[in-house]
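For reference, the structure discussed in these notes is given below.
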Amino acid sequence: MEVLGLSLRLAWLLLFLTSSPGCVGLGGRTASVTAPSNAPVLVASQNQEWVWEQVVDVVHGYFDISRENRLDGVIETKPRVGSGLLEPWNADSAGFRNRLESTLQSIRRRGFINVTPAEGGYLVSVEILKEQEDVSGTPNKSVGGSTFQESRPLQRDLTLVVGDEAPKGWIALGRDVELEIRILNGIRKATAGG
């Protein structure tokens, strides 16, 4: 019994250390003085068609695109539910912490990409918004909710079978800087030879 308690404490300690921020975690991270580089990327090319296609190709590797407007230089993506630890082939969750969070919670991400003409080429900025599903309230669906009960008169309430018709809401969690950096690095790599 004492060995079980000790191993349980060690497991909790290991979980705490691997999820700690900064240089405390075991991921080999060190404290850095510089801020993450999610600043807009300057693509040094005068060919707008080529720049646009490269940006769309990179973004399409992470999200499905819902709207493109070349005149305004805006790309919007469809919301995508974050991939968890059991989906390593999906690239929309950047890093272990985001994958763990997407495994334990319903997290979705939406992207907004701007391609703006600038001196010497085009500036490409990426903004990824992260949202958590709002699951407030108790669900109406239960194991025996749609069966007849002898103690109550017959009710013709179809919400017991169908459930709530109102869509669930999402709570904004802010920007996903790690994914923004990953997408911007992909854009840098894709446009390096242009």
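Derivation of every value follows stated rules applied to the coordinates shown; laboratory data play no part. Since we're looking at a predicted model, the values are computed, not measured. Here the Cβ positions follow ideal geometry from the backbone for every residue, glycine too, while neighbour counts run over all protein chains shown.
Could I have the simple spin-label model distance between VAL81 and ASP134, label points 7 Å from Cα toward Cβ, reported in nm to one decimal?
Inter-label distance under the simple model: 1.9 nm.
For SER106 and GLU119, compute 0.36 nm times the residue count separating them, minus their Cα-Cα distance, and round to one decimal in nm. Each step should come with its number before you reach the end.
On the way: separation 13, 0.36 × 13 = 4.68 nm, distance 4.16 nm.
Here the segment from SER106 to GLU119 would lengthen by 0.5 nm.
Which shape class, rounded, prolate or oblate, goes with the range 56-126 when its Cα gyration tensor gives a ≥ b ≥ c as root eigenvalues, a/c under 1.5 marks rounded, and past that a/b bigger than b/c marks prolate?
Here the range 56-126 falls in the prolate category.
Non-local amide H neighbours of ALA118 (under 5 Å, H modeled in plane, Pro and chain starts lacking H): which ones?
Correct list: LEU123.
Once amide H atoms are placed 1.01 Å from N in the peptide plane, what residues at a sequence separation of 5 or more from SER83, or on another chain, have their amide H within under 5 Å of its amide H?
Sorted by chain and number, the residues that satisfy this are ASP92, SER93.
Using the 10 angstrom Cβ neighbour count as an exposure proxy, how do VAL58, VAL126 rank, fewest first?
Listing VAL58, VAL126 from fewest to most nearby Cβ atoms yields VAL58, VAL126.
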